[in-house]
Structure formats: structure tokens, C-alpha cells
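Structure first, then comments.
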Amino acid sequence: MTDYWEIFPRFFDTHQAFIFADIGISEVIDTHLSQTLATINVTFKYPSPTGMPHPDEYDTIRMIEEQIEAFSENNNDHYVGRITNDGQRDLYIYTNNPQQHWQDFVAKLPEASSYTITAKVTDDSQHATYWDKLYPTSEDFRAIADLHLIRLTQEENDDNSQPRNIDHFIYFNKQLEAQPFIDWATRNNFTHLHSESHITDENQYCVRLAHRGTLELSDIIPHTITLSNQAEIHGGIYDGWETELVNTPSIT
């Protein structure tokens, strides 16, 4: 394992998953890690409507993961991440050990008597599970940046559920090149902030847009991903957002 891990949501048509992945291992995974993958599946007892573990299960699920992580390290294997969705969690380990080794391990876990925990070992010669399932896409990296900013607002006691104006920054080489993007944005419920759009010191044109919404993940991230994708299509670069903090009034 490395010290560079990220947790991020990934949105699908019918559900949302949370991924926790070792990003730093990407630099050496294809040259230093085994090409055999162990997948440990843990089924939650009381999943939430969104497929996440119930708060009463947090400690137990965390203890299971810590034991898997320690067992991997003690056996010179590499735990590289997990995916949580649809009432279960899959943990992925590149291993030098056979399936029976892992099946014996999960059977001896103290939690195995009350949780369904399974293990399987498969060939993964191209480390496709890591690259295709765990490693962030460009959209995931956008979500990660949003999460970092949201955490900063939470540290300031922001009420992320409260609607507010959210301003966005998009850069183009020339002002004229930005107009098709601005036209698209205003047709899709974004407001063009004419007076705040400007030519930068680097002689780029900064488009300022705004929308009204919350900082809930399911709200802000689809907006930023859409803007980022459309900016790229139109030849620009999306560079993030800012907003005013909204604190919940204290009850006295």
C-alpha cells in the first residue's frame, strides 16, 4: 500500500457506489504486483436505501476491513481498494496465495458467524480490475476535487443541504472561442455572469457561470462533471467552483 488513497462516489443510472482506492500504487502496479486477484465480498445486514452500510454496522465493517488489510500485509499481498454499493462491499487484493488460503482466512474471521463473507481468486494478468473499476476516471478526479472542497466547507460548519449560488470558472484561449460554450450553458440552466467574466493576466478568457443548488454530492458533482465535459468539448478547461458558506442557525 502507498500513502495516497482517495475515496469518491461514482454515479450510475440506478445507484451510487463509493470507491476507496490506492492511487499511489498505480505507478508500480503493472511491474511489481501479482497478476492474481483475491476478491473478498461482505454483504451488509442492514443496508441503507442507497446501498451503504447502516451506521450500526460501521464499526463491524471497519474491523473486517482492518483484518483483511493486516492479513494481506502479513502475507506480502497488496490490498488496493474497495467498492461499496448495492448492500455489499468488495475488497480487492493482488495476491500470491491460492483461493483456499483466502477461504480459510475469511471462515476464521470472528464476524463470519453473523455476516456472509466470501472469497474468490481469479487471474488478472493486466490488472484490469484496478484500472477499470478502482482507478479514477477523469470524471472521478473531478468528483474528488469537489469532495476536497466540500470537506473544507464542512470544517467551517457549512450546511451542505442548503441551496445557494455556486459560481464556476472555465477558461478559454480566446473570448470568441468561449461563446458556443456560453450559449450551451445558458440553454442548460446556468447563468452567465457577464460582468465577472474577464481576460486574465495570462491572456486567457475566464468564463464565469453560476447555478443555484446545494453541496450535496448528488447535486453538485453532476453539475461540475457536466460543465467539465462540455468545457472540454468546446475547447475550454473547467477549473472549479466557489460559493458562500451557509450556516444553519443555532436553536436557542
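Rounded to the nearest whole Hz, the Karplus-based 3J(HN,Hα) values (6.51 cos²θ - 1.76 cosθ + 1.60, θ = phi - 60°) of the range 238-247 follow the sequence 7, 10, x, 9, 9, 7, 7, 6, 10, 9, with x at glycine and proline.
The convex hull drawn around the Cα atoms of the range 5-134, when projected onto a plane and averaged over every direction, covers 7.8 nm².
Using the empirical formula 2.2 N^0.38 Å as the baseline, the Cα radius of gyration of the range 208-252 reaches a ratio of 1.49. Each peptide among 15-24, 196-205 gets the average number of other Cβ atoms lying within 10 Å of its residues, and from highest to lowest they stand as 15-24, 196-205. In this calculation the C-beta distance from Asp239 to Thr118 is compared with R0 = 45 Å, giving a FRET efficiency of 0.55. Each residue of the range 165-174 was assigned a 3J(HN,Hα) from its phi angle through the Karplus curve 6.51 cos²θ - 1.76 cosθ + 1.60 (θ = phi - 60°); the sequence is 7, 10, 9, 10, 10, 9, 10, 10, 5, 9 Hz, with glycine and proline shown as x. Each residue of the range 185-191 was assigned a 3J(HN,Hα) from its phi angle through the Karplus curve 6.51 cos²θ - 1.76 cosθ + 1.60 (θ = phi - 60°); the sequence is 4, 5, 6, 10, 6, 9, 9 Hz, with glycine and proline shown as x.
Within the straight-line cut-off of under 14 Å between alpha carbons, the aspartates and glutamates reachable from Lys45 are Asp56, Glu57, Asp59, Asp86, Glu111, sequence neighbours fewer than 8 places apart in one chain being disregarded. Work out the P(r) tail for the range 138-243: percent of alpha carbon pairs separated by more than 16 Å, whole number. Summing the P(r) of the range 138-243 above 16 Å gives 55 percent of all pairs. Per-residue ellipticity at 222 nm from helix content only, as computed over the chain with -39500 (n - 2.57) for each DSSP H run of at least four residues, stands at -10000 deg cm²/dmol. Residues whose amide H lies under 5 Å from that of Gly240, counting only those 5 or more places away or on a different chain, are Phe169; hydrogens are built 1.01 Å from N in the peptide plane. Measuring spread by the Cα atoms of the chain yields a radius of gyration and Dmax of 22.0, 66 Å. Percent relative contact order of the range 138-243, based on C-alpha pairs within less than 8 angstrom and at least six residues apart? The value is 39 percent.
Rule-based calculations on the coordinates, nothing more; no lab input. Computed from a predicted model, the values in this text were never measured in an experiment. In this analysis, Cβ positions are derived from the backbone assuming ideal geometry, glycine residues included, and neighbour counts consider all displayed protein chains.
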